[in-house]
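Undergrad: The following block contains the structure, expressed as structure tokens.
The values are calculated or read from the model by the stated rules, or taken from the named source; none is laboratory data. In this text, all values refer to a predicted model and were calculated from it rather than measured experimentally. In this analysis, Cβ positions are derived from the backbone assuming ideal geometry, glycine residues included, and neighbour counts consider all displayed protein chains. Heavy atoms of the whole protein, side chains included, go into the accessibility calculation; ligands, DNA and RNA do not. Shrake-Rupley method; radii C 1.70, N 1.55, O 1.52, S 1.80 Å.
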Amino acid sequence: LRLGCPALPLQHPMNRGRRLRDAEGMERLRASSLWERRGVRECANRARGLCADQATDLSARALLRDRRFLRDASVCEVGCGTGVLSALAGRLGASRVVGIDCDPASLRLARRTAERSGVSVVILKGDLLKGVPKRFDVLVANLPQKPIPKGSRVALGQDGGPHGDALLKRFIPQVGQC
């Protein structure tokens, strides 16, 4: 596993109790994710740590559980990364989906994820909700919450700052303005 793309559970029923150690085995594990079963096809760059992780899977589970709120709703995913949650919102019936991220590499991957998933997602470069002109029915944000010491070299999408709350502290006050 590469730094920046958190470990996935190595025990899985597909595995029949054996530990998966190779990349092919990890891909088989990932293919069993809820969002892929709903038609979302992630375009990732694991070498740079730009990929869905366990937090993405948990967020996807919440979207699936509460999908009734997504039907015909406008949805904004802040910190969209590879765009898995944006694409899932589109697959679950959102009328308009916008994904925002500050990383150009993530934006390219998010566009490709949407295309591969057969949904329309507007992907914008931005800093959280600053400058977002439209109000949305649903906000989705799976922001980094991992405490990372200053100066560490990790993927941007994994860096929650020294205490893990750097982006959340900036994001929460902006929510009331959107």
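Undergrad: Filter the stretch 23-43 for residues that are at pLDDT below 55, small (Gly, Ala, Ser) and either open to solvent by 30 Å² or more (accessible area, probe 1.4 Å) or under 13 Å from Leu64 (Cα atoms) (or both) and give the result. Show your work before the answer.
TA: Kept after step one, since they are at pLDDT below 55, are these residues of the stretch 23-43: 23-31.
When the remaining residues are screened for being small (Gly, Ala, Ser), the result is 23, 25, 31.
Scanning the stretch 23-43 gives Ala23, Ala31.
Undergrad: Shifting gears a bit: Give just the number: which of (1) more than 13 Å from the chain's Cα centre (by Cα); (2) at pLDDT below 95 does Gln54 not satisfy?
TA: The number of the failed condition is (1).
Undergrad: May I ask you to list pairs of residues, at least six apart or on different chains, whose Cβ atoms are under 6 Å apart, with the first in the stretch 125-142 being touching a residue at least 24 places away in the same chain (Cβ under 8 Å) and acidic (Asp, Glu) and the second being part of a loop (DSSP other than H, G, I, E, B) and open to solvent by less than 40 Å² (accessible area, probe 1.4 Å)?
TA: So the pair list comes out as Asp137/Ala73.
Undergrad: So, one more: How many of the residues making up the stretch 44-72 are assigned to a helix (DSSP H, G or I), hydrophobic (A, V, I, L, M, F, W, C) and open to solvent by 30 Å² or more (accessible area, probe 1.4 Å)?
TA: Here the count works out to 5.
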